[in-house]
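These notes are about the structure you will find just below.
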Amino acid sequence: MMENKTKKICVVHIITGLDADESALMLYKLLAHIDRSQFEPVVISLDGEADLSNRIRAHGITVYSLDMSNNLTVGWQIFKLAHLLRSIKPDIIQGWMYHGNLAASLANLSLGNRYPVIWTVHNTLHDIRQKSRTTRWVIELTTKRSNTATRILYNTELNASQHISIGYDDQHTQIIPNGFDTQLFSPNAYRRSNSRQMLGIPEDAIVIGMFTHDFSLNDHTLFLEATHLLLQHHKNVHFLLVGQDPTSEHPSIISLLKRSPMPQNIHLLGERKDTHSLMNTLDIFSLISSSADGFPNSVSEAMACGIPCITTDIIDLPHITGHTGQTLQTSDTTPSALAFIWLEWINAGEAWRKEMGLRGMAYIQQHYNIRQITDQYQATYKELVNHGRTNGFLLPFQQTQFSRHAEKCTQNDSKSCTQGSR
């Protein structure tokens, strides 16, 4: 008698594009760790081929690139997407980013709302006017259609509250934070020594770094001005800047480097694929920003490597770093204030910094391990599939954790609610 095998749950992920930004990288990590004995993922990129396309295919996952991200409202483009979905026969459609969420809902509408649709929102809305005109227009459309999503996933409570405040549906809200590979990002003495040797940094030097995927969201000017001040008092310090811009060819960077007392101690590395190795080079990590578009992964990656962190108080960073680092009020962060804290941490000694780093590493392993976060996504998929349908309509869900929290906030003061949600 043949064994009755359980059918895999097919989840089609529709994402705006697969450039290596925060949302696309989170999708990649999820796909790399999902249980393939239970789930069959498929990826549809509305844009063309990009950095992560072949990295996802290397895991045996099909990736379609449609080159349609700027033409979402053209009817034939949506029907093209719907035709592809009809051939795949998914159990769940999951959108990623604003355009991906809108495309998922419009395509599902053309299919008679046949499938459960999940939206994934990893963006903050501090000032919607800073978004491009097209993105603002898509945000308006998704706000009007948010009640059609079966579930809306956010990676921070701040993202959720900001979107709900502009009119996003609050009934099916769920928060799943970003996850991190704590085996890839982990303390490693060999990587530390090898990276320092490669960069020409002495073993006994103090190394301070800021890594980010998008420097336009972070204050590299303030960071570099602080390096000038610290180098006047402590010569055996090196600094790493990793990510998109700035480079030594950037006009503003050229003038800043000319003013540095030791420009050879400032390493502008650009985009790198070996950040897990470079993180181990550091003694102190700093992320200096007045705003951020989502969840700044680099802080948690540094903590996973046992590197203590100094950050500004954006998004959930005060909650993430907790008692394992230091957060500065954005309005009070100046070059002199940052340089003074760096000097304090240097004078505190290596043993103290290692103790802080180990506490941060333990916190990330306990709360943000990619395997635990993947389990949360998988549990959501199973819930939607097992929930069932009656005459084509989804049965009502139980209250989500966020909805219960919001209800409590109507009965208690905001301070106690904020503390209770942590």
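The values are calculated or read from the model by the stated rules, or taken from the named source; none is laboratory data. Since we're looking at a predicted model, the values are computed, not measured. Glycine gets a Cβ as well: all are built from the backbone with ideal geometry, and neighbour counts include every protein chain shown. Accessible surface areas use protein heavy atoms only, side chains included; no ligands, DNA or RNA. Shrake-Rupley method; radii C 1.70, N 1.55, O 1.52, S 1.80 Å.
If I ask for residues that are open to solvent by 10 Å² or more (accessible area, probe 1.4 Å) and over 24 Å from Arg191 (Cα atoms), which ones from the range 315-324 would you list?
Those that are open to solvent by 10 Å² or more (accessible area, probe 1.4 Å) and over 24 Å from Arg191 (Cα atoms): Ile315, Asp316, Pro318, His319, Gly322, His323.
Any residue in the range 29-42 that is of a type in the set (Phe, Trp, Tyr) sitting within a Cβ distance under 9 Å of a residue that is crowded, with 19+ Cβ neighbours inside 10 Å and outside any loop (DSSP other than H, G, I, E, B)? List the pairs, counting only those 6 or more apart or interchain.
Note: pairs meeting the criteria are Phe39/Ile9; Phe39/Val11; Phe39/Tyr381.
Please go through the range 132-144 and give me each residue that is open to solvent by 40 Å² or more (accessible area, probe 1.4 Å) and either without any contact (Cβ under 8 Å) to a residue 40 or more places away in the chain or in contact with a Phe, Trp or Tyr (Cβ under 9 Å, 6 or more places away or on another chain) (or both), ordered by number.
Across the range 132-144, the qualifying residues are Ser132, Arg133, Arg136, Trp137, Glu140, Leu141, Lys144.
Given the criterion at positive phi and either at pLDDT below 95 or in a strand (DSSP E or B) (or both), identify the matching residue among Ile315, Ile320.
The match here is Ile315.
With respect to the numbered conditions (1) open to solvent by less than 10 Å² (accessible area, probe 1.4 Å); (2) in contact (Cβ under 8 Å) with a residue 40 or more places away in the chain, which one is the sole condition not fulfilled by Trp119?
Against the list (1) open to solvent by less than 10 Å² (accessible area, probe 1.4 Å); (2) in contact (Cβ under 8 Å) with a residue 40 or more places away in the chain, Trp119 comes up short only on (2).
Among the candidates Gly294, Gly306, single out the residue that is modelled with pLDDT under 95, buried (at least 19 other Cβ atoms within 10 Å of the Cβ) and assigned to a loop (DSSP other than H, G, I, E, B).
Going through Gly294, Gly306 in turn, just one is modelled with pLDDT under 95, buried (at least 19 other Cβ atoms within 10 Å of the Cβ) and assigned to a loop (DSSP other than H, G, I, E, B): Gly294.
One residue is enough: does the range 73-84 have a residue meeting the conditions of a type in the set (Gly, Ala, Ser), open to solvent by 20 Å² or more (accessible area, probe 1.4 Å) and either modelled with pLDDT of 95 or more or out of contact with any Asp or Glu (no Cβ under 7 Å at 6 or more places or on another chain) (or both)?
Checking the range 73-84: at least one residue is of a type in the set (Gly, Ala, Ser), open to solvent by 20 Å² or more (accessible area, probe 1.4 Å) and either modelled with pLDDT of 95 or more or out of contact with any Asp or Glu (no Cβ under 7 Å at 6 or more places or on another chain) (or both).
Can you find a residue in the range 181-189 that is closer than 30 Å to Glu140 by Cβ, in contact (Cβ under 8 Å) with a residue 60 or more places away in the chain, among the hydrophobic types (A, V, I, L, M, F, W, C) and open to solvent by 30 Å² or more (accessible area, probe 1.4 Å)?
No: the range 181-189 contains no residue that is closer than 30 Å to Glu140 by Cβ, in contact (Cβ under 8 Å) with a residue 60 or more places away in the chain, among the hydrophobic types (A, V, I, L, M, F, W, C) and open to solvent by 30 Å² or more (accessible area, probe 1.4 Å).
Can you confirm whether the range 385-392 contains a residue that is modelled with pLDDT of 90 or more and either under 26 Å from the mean Cα position of the chain (by Cα) or assigned to a helix (DSSP H, G or I) (or both)?
Looking for residues that are modelled with pLDDT of 90 or more and either under 26 Å from the mean Cα position of the chain (by Cα) or assigned to a helix (DSSP H, G or I) (or both), one finds at least one in the range 385-392, hence yes.
Within the range 310-323, is there a residue that is more than 21 Å from Asp219 (Cα to Cα) and in contact with a strand residue (DSSP E or B) (Cβ under 8 Å, 6 or more places away or on another chain)?
Scanning the range 310-323, I find no residue that is more than 21 Å from Asp219 (Cα to Cα) and in contact with a strand residue (DSSP E or B) (Cβ under 8 Å, 6 or more places away or on another chain), so the answer is no.
State the number of residues belonging to the range 334-392 that are open to solvent by less than 30 Å² (accessible area, probe 1.4 Å), out of contact with any Ser or Thr (no Cβ under 7 Å at 6 or more places or on another chain) and hydroxyl-bearing (Ser, Thr, Tyr).
4
Could you look through the range 268-283, keep only residues that are hydrophobic (A, V, I, L, M, F, W, C) and farther than 20 Å from Leu256 by Cβ, and pick out the one that is surrounded by the fewest Cβ atoms within 10 Å (Cβ to Cβ)?
Among those residues, the one meeting the criterion is Leu278.
Return the residues of the range 204-235 that are aliphatic (A, V, I, L, M) and either in a helix (DSSP H, G or I) or at pLDDT below 90 (or both); say none if nothing qualifies.
Leu217, Leu222, Leu224, Ala226, Leu229, Leu230, Leu231
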